[in-house]
Amino acid sequence: MNNCENNSGNCINEILSVILVLQQNACPESCLDACDRPVLGGGPNCLVCNTRPVMLYTCCGNGTPWSMPTTKDTTATCPTAGTTACSNVFRVEKIEGNCCTFRVLADNSDTTSLNPYVATNSFFTMDCSCLCSIRCLSDTYVDCV
């Protein structure tokens, strides 16, 4: 059974909704002040995180992660993973019904940074019923989100 045929609810949409709430509640200053507040991160590399990056796998993707251009260039395509013009790591930005808007995250070219991703201005909206699985990556801080 895939996510498209699941009549009992959309577990992927529910997980993405939880991630969105966590990201919206992350504060860039002193989140560690309240012990009972659910926050992202808390590990040694990211004391204050604002993003739980995800990778998406579609029902017909044959196990290959979904990939999108890192720019708004309408001619850009992602035929093969691993090109610098494309990424398969995303940040949940908005959920409306069964549709989720994602921001494309790019690899951070600053090798001295502890933050592995940078925000792009590339967004896309996907019907969550097309997803069969997601992979959550380590919580991190992404500047300018």
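The values are calculated or read from the model by the stated rules, or taken from the named source; none is laboratory data. Just so we're clear, the structure is a prediction, and the values are computed from it rather than from any experiment. Because the Cβ atoms are built from the backbone with ideal geometry, glycine has one as well, and the counts that use them run over all protein chains shown.
Go through the residues of region 107-119 one by one and say whether even a single one is in contact (Cβ under 8 Å) with a residue 60 or more places away in the chain, hydrophobic (A, V, I, L, M, F, W, C) and over 27 Å from Asn62 (Cα atoms).
Checked region 107-119: at least one residue is in contact (Cβ under 8 Å) with a residue 60 or more places away in the chain, hydrophobic (A, V, I, L, M, F, W, C) and over 27 Å from Asn62 (Cα atoms).
Can you pull out the residues in region 9-55 that are surrounded by fewer than 17 Cβ atoms within 10 Å (Cβ to Cβ), hydrophobic (A, V, I, L, M, F, W, C), at pLDDT below 85 and assigned to a helix (DSSP H, G or I)?
Cys11, Leu32
Considering only residues that are in a loop (DSSP other than H, G, I, E, B) and of a type outside the set (Val, Ile, Thr), look in region 69-85 and name the one that is modelled with the lowest pLDDT.
Here the answer is Ala81.
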